[in-house]
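The values are calculated or read from the model by the stated rules, or taken from the named source; none is laboratory data. Worth saying up front: this structure is predicted, and the values here are computed from it rather than measured. Cβ atoms come from the backbone with ideal geometry, glycine included; neighbour counts cover every protein chain shown. Note: accessible area is taken over every heavy atom of the protein model, side chains too, but ligands, DNA and RNA are not part of it. Shrake-Rupley method; radii C 1.70, N 1.55, O 1.52, S 1.80 Å.
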Amino acid sequence: YQRRVRERSAYSGQGESASLIQELPGINMDFNRSPNTTGIVTVFREFIFSVVEDGYVPNEPFLYDLVDVFSQALSNFFADVQVIFGTEYQQWQYNNTNSTEQVLSAGNKLLEIIKDFDTLLGSNPNFLLGNWLQAAKSWATTPSELTLYEFNARNQITLWGPNGEINDYAAKFWSGLVRGYYLRRWTIFVETLVNAVKTGIHVDFQKYEEAVLNFEKSWNIGTEIYPNYPIGSSVNIAISILSKYMTRSNTMKYRKIDNADAHGHNILSHPTWTLDVDQLMILCDMDDRCLGFNTNGCIKYNVSGIT
């Protein structure tokens, strides 16, 4: 599998960027496109197929790479879903055309991805917040030191300062941090936008950011315990994720037309990160306006002018 990974350039490092999951949620978030996005999806499939079809027995390095490649693949897909969620909200904000259900549906998909992400990370001992916190607390000799060392361990990977002076600078993809911290921030964001559509009152983003900061500070002084041991099978969890976010079952809904395009009529302001056809089908299904897409990542609300 190493040869295949190299051929797909999954580890070339071109176009690297922090994941949106780890950043303060917003509508228009800056995320540079990676030229490896679609290739990484292909590599992830090859990891799974090598076990399911070729009978490869995974060892520890294989399982580490499986989780690592998955992290990038799902982060890229999350970025596309985030753009759709923002677009759904802006359709209401500027045109008053979308309903609460449409915005909520896209928002729930974001939160679902984060939960699944944390589940896979939690299946490998190298991606656990519990290990980090336990190591920090192990140095304590008094109750006051225990409190201080845990606070410092939490603060260093999140706010890094009393009020987020270097916020998310040391962000990590660790199970526990993803579900306990990043998921909560995204939940606040989704609930804020959904409530705006529901009430007809536009978002006060200053109040939203204050609410997020209040949560971040409370998490920093928390003492909840996170597992320092893996839970579940990485391969089985990855297979489930592959079927959910990288495999479209209802392909009969779409008709392939070679060497043609419906110019213009794009739903999103820029092409999707992924050019994988299965993922493009999933993204198209998320938006009621979508009637088709091209393999350049342009999702269309009108395909009547195909040439």
Residues meeting the amide H criterion for Leu128 (H placed from the backbone, H to H distance under 5 Å, 5 or more places apart or on another chain) are Ser175
Cysteines without a disulfide-compatible partner [the chain; Cβ-Cβ under 4.7 Å]
Cys298
In terms of Cα to Cα distance under 17 Å, which aspartates and glutamates are near enough to Lys217, apart from those fewer than 8 places away along the same chain?
Glu23, Glu150, Glu165, Asp168, Glu209
Any idea of the accessible area per residue across the chain, 1.4 Å probe, to the nearest Å²?
50
Can you classify region 31-94 as rounded, prolate or oblate using the Cα gyration tensor, where a ≥ b ≥ c are the square roots of its eigenvalues, rounded means a/c under 1.5, and otherwise it's prolate if a/b beats b/c and oblate if not?
prolate
Karplus (6.51, -1.76, 1.60) ³J(HN,Hα), θ = phi - 60°, over region 128-140, in Hz, Gly and Pro reported as x
10, 4, x, 5, 5, 5, 5, 5, 5, 5, 5, 7, 6
Residues with amide H under 5 Å of Ile306's amide H, sequence separation 5 or more or different chain, H placed in the peptide plane at 1.01 Å from N; which?
none
Setting aside same-chain residues fewer than 8 positions from Lys198, which aspartates and glutamates have a Cα under 14 Å from its Cα?
Glu88, Glu101
Taking the chain as a Gaussian network, where each spring joins two C-alpha atoms under 10 Å apart, which residue of Phe293, Phe215, Phe189 fluctuates the most?
Phe215
Can you work out the Karplus-derived ³J(HN,Hα) for every residue in region 296-301? Use 6.51 cos²θ - 1.76 cosθ + 1.60 with θ = phi - 60°, whole Hz, and x for glycine or proline.
8, x, 9, 8, 10, 9
Quote the charge dipole size of region 154-251 about the Cα centre in Debye, to the nearest 20; the model charges only the Cβ of Lys and Arg (+1) and of Asp and Glu (-1).
400
Accessible area of the chain with a 1.4 Å probe: how many percent of it is carbon plus sulfur?
51
Residue-wise, which Karplus ³J(HN,Hα) couplings in Hz belong to region 99-106, taking 6.51 cos²θ - 1.76 cosθ + 1.60, θ = phi - 60°, and x for glycine or proline?
9, 4, 5, 5, 5, 5, 4, 5
Skipping prolines and chain starts, which residues have an amide H placed within reach, meaning under 5 Å, of the one on Gly292, given they are 5 or more residues away or on another chain?
Lys300
Given springs between every Cα pair under 10 Å in a Gaussian network model of the chain, which of Gln82, Gln134, Gln279 has the largest fluctuation?
Gln134
Taking only C-alpha pairs under 8 Å that are 6+ residues apart, what is the relative contact order of the chain in percent?
20
Using the alpha-carbon centroid of each, what span in Å lies between region 236-260 and region 180-213?
32
Region 80-94 versus region 95-124: alpha-carbon centroid distance in Å
13
Over the chain, with a Gaussian network built from C-alpha contacts below 10 Å, which listed residue (Val57, Val235, Val212) shows the highest mean-square fluctuation?
Val57
Dipole magnitude of the chain about its Cα centre (Cβ charges: Lys, Arg +1; Asp, Glu -1), debye to nearest 20:
360
Given the rule -39500 (n - 2.57) for each run of at least 4 DSSP H residues, summed and divided by the residues of the chain, what is its mean residue ellipticity at 222 nm, to the nearest 500 deg cm²/dmol?
-17000 deg cm²/dmol
Can you tell me how region 250-291 classifies by the Cα gyration tensor, rounded, prolate or oblate, using a/c under 1.5 as the rounded cut?
rounded
In debye to the nearest 20, how big a dipole does region 71-163 give about its Cα centre with +1 on each Lys and Arg Cβ and -1 on each Asp and Glu Cβ?
220
For the ranges 161-172, 101-112, what's the packing order if you count other beta-carbon atoms within 10 Å of each residue, average per peptide, and put the highest first?
101-112, 161-172
